[in-house]
């Protein structure tokens, strides 16, 4: 395909595709899907080889968020049967982080629900960062705490934070339909604050909320303009008890096209496969490793992921290798700029708390209030919907694949790492 050859050439030169080219990727047919994956895979391997970076989430404070993000299980008025607990103590968070680090994670993402941190919250998180770094000096730490006030990013960096995550989530044009308690501009401002403070800024999106192809291209082009080092791609898991509970709009093929489009638009950026991958990619997860060079290990914020051991087996079986702590993730030109505190933004994350969170997304997880304590059960029926942007194939909702997190930080059960 001439389109794919053009996109590969542009990706190797870090040249921005046209909007028409990005839209054309999303419109490709199922017959062309493997060609699309192969083309985007060339760009991924050029900048990142066959390395896969592992990241691990620690949910410092779960639920009880005053924001009304429609996708989020922790939102104001959510009836989702999730864990709810207040701030973990620094030693508790450090112990939780150690589980992920032992599993091969080189970055720990510290997340807290809420609109944004108070100065006291920043002090609390700073002590947590120091506790983690004391035990694991080389680990990267990303904070994901919501909207930042002036000076807070600088304080987090002084405490040892390496990155800050805050996602744009969806296009500016449709943002007001998803959230009303803060604005798209508020999110952009926080990403810019993190970048200005010398933190590696990270910002991504949530796909599957009923958005159009144009919306997806809009948000990815906006992310390219913000120039983060890391772009997490989350796939909505329609949480029972939230306004988007019936939005089952994705197929594995559609999810792969979205990842390919992100890779072509952001060729030399860490593209992270984040919340919802198990539910929407299912058995095609290994193909996604040819597009994304980073994943979350184990569980997310309020939902369970597949077993960490299974993630490691999947990476090895697909012919990839886990990125070691001694390896620099970003290509040299981006890593040099990040080290100088300029030129790039980057970080880590997803969005399960009301304000840009690192890793899953309440776009992440879903279940009903009647889910069993193990989090394994079905969440009740939803009608099949058209989920394939390429050929319009109908896919049924798969709530049986969704499980509320009942283990790890904030519980008495060992984490899944």
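The values are calculated or read from the model by the stated rules, or taken from the named source; none is laboratory data. Everything quoted here is computed from the prediction, not taken from an experiment. All Cβ positions, even for glycine, are placed from backbone atoms using ideal geometry, and neighbour counts span all protein chains on display.
Descriptive notes on the structure:
Each row is one residue, and each column tells you yes or no for (1) over 19 Å from residue 61 (Cβ atoms); (2) assigned to a strand (DSSP E or B); (3) in contact with a strand residue (DSSP E or B) (Cβ under 9 Å, 6 or more places away or on another chain).
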| site | (1), (2), (3) |
| --- | --- |
| 129 | no, no, yes |
| 143 | no, yes, yes |
| 161 | no, no, yes |
| 167 | no, no, yes |
| 182 | no, no, no |
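- Flag for residue 196 being closer than 19 Å to residue 157 by Cα and surrounded by fewer than 24 Cβ atoms within 10 Å (Cβ to Cβ): yes
Condition check ((1) farther than 25 Å from residue 281 by Cα; (2) under 20 Å from the mean Cα position of the chain (by Cα); (3) at pLDDT 95 or above) across all residues:
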position: 312; (1), (2), (3): no, yes, yes
position: 316; (1), (2), (3): no, no, yes
position: 321; (1), (2), (3): no, no, yes
position: 341; (1), (2), (3): yes, no, no
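- Of all the criteria given as (1) in contact (Cβ under 8 Å) with a residue 12 or more places away in the chain; (2) farther than 19 Å from residue 115 by Cβ, the one not satisfied by residue 31 is (1).
- Residue 20 meets the stated requirement of being surrounded by fewer than 23 Cβ atoms within 10 Å (Cβ to Cβ), without any contact (Cβ under 8 Å) to a residue 24 or more places away in the chain and within 24 Å of residue 175 (Cβ to Cβ).
- Selection within region 52-106 - touching a helix residue (DSSP H, G or I) at 6+ places or on another chain (Cβ under 8 Å) and on the phi > 0 side of the Ramachandran plot: 104
- Residue in region 57-68 that is under 19 Å from residue 302 (Cα atoms), part of a loop (DSSP other than H, G, I, E, B), at pLDDT below 95 and more than 23 Å from the chain's Cα centre (by Cα) present: no
- The residues of region 43-52 that are buried (at least 16 other Cβ atoms within 10 Å of the Cβ) and assigned to a helix (DSSP H, G or I), listed by number, are 43, 44, 47, 48.
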